[in-house]
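A.B. asks: Dropping a structure here in C-alpha cells format, bear with me for questions.
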Amino acid sequence: MKWIILLLGIAANSSASLLVKIAVMPPRKFPSLSDPMSAFTNWPFWLGLGLYGAAFLLYAAALARIPLNVAHPILTCGAVASVAFLSMIIFKEPFHWITVTGILLVIAGVFLISSRVA
C-alpha cells in the first residue's frame, strides 16, 4: 500500500505539472494584473493547483510509511521521468538520447539509494 500511495503522488505531481503547462499556453492566458478575471476561467490552472495539493498530501502519507531518504528520491525521480516522457507525447517537446541517458542514470541512482533502506 505504501508504494501505491507514492505512485499516486508521482501521478498527481506529474499531472499537475502538465496541467499548469496547458494553463499557460494559448489560447488560455495566465492570470495577470491586466486581466485578473482570466484566473477564474482557466480550469487547467485550478485543476493543476489542486493536484499539487493532492500530491503533497499523498507524499505526506507516504512519508508516514517510507523513510524520507527513500520516498523523496523516488517521488522526484518518478515525476521527472514521467513529465519528460509525457511532455514529449503531449506537447511534442524534444526527447533526445541524452535526456534518456540522464533519466536512466537518475533512476539507477535512486535504485542504489533506496535498495538498502526500503
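The values are calculated or read from the model by the stated rules, or taken from the named source; none is laboratory data. Predicted, not measured: the structure shown is a model, and the values here were computed from it. Note that each Cβ is placed from the backbone with ideal geometry, even for glycine, and that neighbours are counted across all protein chains shown.
A.B. asks: Can you spot a residue in the range 70-79 that is more than 13 Å from the chain's Cα centre (by Cα) and either more than 14 Å from I10 (Cβ to Cβ) or outside any helix (DSSP H, G or I) (or both)?
C.D. replies: Of the residues in the range 70-79, the ones more than 13 Å from the chain's Cα centre (by Cα) are 70-71.
Checking which are either more than 14 Å from I10 (Cβ to Cβ) or outside any helix (DSSP H, G or I) (or both) leaves us with none.
No; the residues of the range 70-79 include none that is more than 13 Å from the chain's Cα centre (by Cα) and either more than 14 Å from I10 (Cβ to Cβ) or outside any helix (DSSP H, G or I) (or both).
A.B. asks: I would also like to ask the following. Among (1) in a helix (DSSP H, G or I); (2) touching a helix residue (DSSP H, G or I) at 6+ places or on another chain (Cβ under 7 Å); (3) surrounded by fewer than 14 Cβ atoms within 10 Å (Cβ to Cβ), where does R65 come up short?
C.D. replies: Status for R65: all satisfied but (1).
A.B. asks: Which of the residues belonging to the range 1-54 are modelled with pLDDT under 85, in a helix (DSSP H, G or I) and out of contact with any Phe, Trp or Tyr (no Cβ under 8 Å at 6 or more places or on another chain)?
C.D. replies: Taking the range 1-54 and keeping what is modelled with pLDDT under 85, we get 28-40.
From what's left, in a helix (DSSP H, G or I): 38-40.
Scanning the range 1-54 gives a single hit, F40.
A.B. asks: For the condition in contact (Cβ under 8 Å) with a residue 60 or more places away in the chain, on the phi < 0 side of the Ramachandran plot, assigned to a helix (DSSP H, G or I) and exposed (fewer than 14 other Cβ atoms within 10 Å of the Cβ), what is the one hit in I90, I98?
C.D. replies: None of the other options fit; the residue is I90.
A.B. asks: Which of the residues that make up the range 1-42 are among the small types (G, A, S), closer than 28 Å to L58 by Cα and loosely packed, with under 13 Cβ neighbours inside 10 Å? Show your work before the answer.
C.D. replies: Let us first name the residues in the range 1-42 that are among the small types (G, A, S), namely 9, 11-12, 14-17, 23, 32, 34, 38-39.
Still in the running and closer than 28 Å to L58 by Cα: 9, 11-12, 14-17, 23, 39.
The answer is none; no residue qualifies.
A.B. asks: Under the condition of being aliphatic (A, V, I, L, M) and within 12 Å of the chain's Cα centre (by Cα), which residue from the range 49-69 is nearest to A23 (Cα to Cα)? If you could, list the steps in order and put the result at the bottom.
C.D. replies: First, the residues of the range 49-69 that are aliphatic (A, V, I, L, M): 49, 51, 54-55, 57-58, 60-64, 66, 68.
Now narrow it down to the ones that are within 12 Å of the chain's Cα centre (by Cα): 49, 51, 54-55.
On the way: L49: 11, L51: 13, A54: 18, A55: 18 Å.
Selected residue: L49.
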